[in-house]
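Notes follow once the structure below has been shown.
No value in this document is a laboratory result; all are computed from the given coordinates. The structure presented is a predicted model; accordingly, all values stated were derived computationally and were not measured. As a convention, Cβ positions derive from the backbone with ideal geometry for all residues, glycine included, and neighbour counts pool all protein chains shown.
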Amino acid sequence: MKRFPLGFAIAVIFYLSVPATRGAEAAPAALKTFLEREGYGGSSLQRRLGNHLFASTVINGRRTALIIDTGCPFTLVDAATAKSLGLRVQDTKAHVMGVTGLVERAGVANLATLKMGNCTFVNVPIGVADTADINHIRGPHLDGLFGAHEMSKFGVVIDCARQMLYVNPNGPSAAASQNLAQFLGGRGFSRVPMHFDSGHHLQLEAGINGHPVHLIVDTGAGSTFLSAAVALASGASISGIDLKIGGATGGALPGKIARIRELTMGNLIIHDAEITIGESKLGAAGLLGEEYLSWNFGIVDLGGMNLYLRPPESAPAKKR
């Protein structure tokens, strides 16, 4: 979880030209084609060790990379990157807090441009804090987190399995989200409503062995995490494997692997789910991480505030 109680405004410019009208032809087979016909532009994502999805970006003319993190309320740039970019950072009383509970003071700054795929965001206010711990994992250097506030402002759709991010330059569209729901519903996807909590964390209602819980939808978490207290109360079986759980803001806490009979989200039931558990510092019961999002072809629609999931055996992947 990242607490960052700031209000931001942002603008976007598209370089990609997409059709303004749609003909009467049959619905396109690919999600990419469908969303482009709805007016979206896209950016391909990459996956690094640790199961983090990230986008290659250009900030103020310099090549950078940001984790795509629906679990982070706002876009956050590492303090070292901000310094190297020559950003003017203003101190604030705001803070960010990760799953380990370690709190980092955060400043604010402004990006003249943030390029991602086919679009350029201009005049982007950001948070600035020490996120060096995200680079303790071997792989490409990551300069921060692209957060949920900007995603919701522009009706972002994330295809976790196909590693694509789509942006609507006109912002959230009820019509586009309804069309997406029909498109995915016809391809075997289950719809799970999402909402923002008071801290602007993206949540959904789920079930752990029949016990109702709230989970943060967190594309920035490599694996699904659950409070140990909730896991034990729900009858999870605990392994003897010891883990260390870290976060972008540093710190570590002990964890274990647990197995739950049923993880339920909407009409989707995942049997014998393995999850990480620990002493949670979260406001919710846990995090729905990238592994179950990708394994179940997760599509996160922040414009319509819906998560779409489809178990791998339910339909041929080529229909997407």
For R261 and H214, extending 7 Å from Cα along the Cα-Cβ vector and measuring point to point gives, in nm, a value of 2.7 nm
In nm, the gap between the two label points placed 7 Å beyond Cα toward Cβ at H271 and A30 is 3.5 nm
Placing each pseudo-label 7 Å from Cα in the direction of the beta carbon, H136 and A229 end up separated by a distance in nanometres of 2.5 nm
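About the Cα centre of segment 31-174, what is the dipole size in debye to 20, counting +1 per Lys and Arg Cβ and -1 per Asp and Glu Cβ, all else neutral?
Numbers: 14 positive and 11 negative charges, 61 e Å.
Approximately 300 debye in magnitude.
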Here FRET efficiency (C-beta to C-beta, N170 to R105, R₀ 56 Å, nearest 0.05) is 0.95
Once the in-chain neighbours fewer than 8 apart are removed, the aspartates and glutamates whose Cα is under 20 Å from K256 read D218, D242, D272, E274, E279, E290, E291
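How much length would be gained if the chain were fully extended between H195 and N123, taking 0.36 nm per residue of separation minus their Cα-Cα distance, in nm to one decimal? Provide the component values of the computation, followed by the final result.
Details: separation 72, 0.36 × 72 = 25.92 nm, distance 2.68 nm.
Computed gain between H195 and N123 is 23.2 nm.
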The exposure ranking of M116, M194, M305, fewest beta-carbon neighbours within 10 Å first, is M305, M194, M116
Given Cβ charges of +1 for Lys and Arg and -1 for Asp and Glu, the option among N179, L165, I137 whose Cα lies farthest towards the positive end of the dipole of segment 113-201 is N179
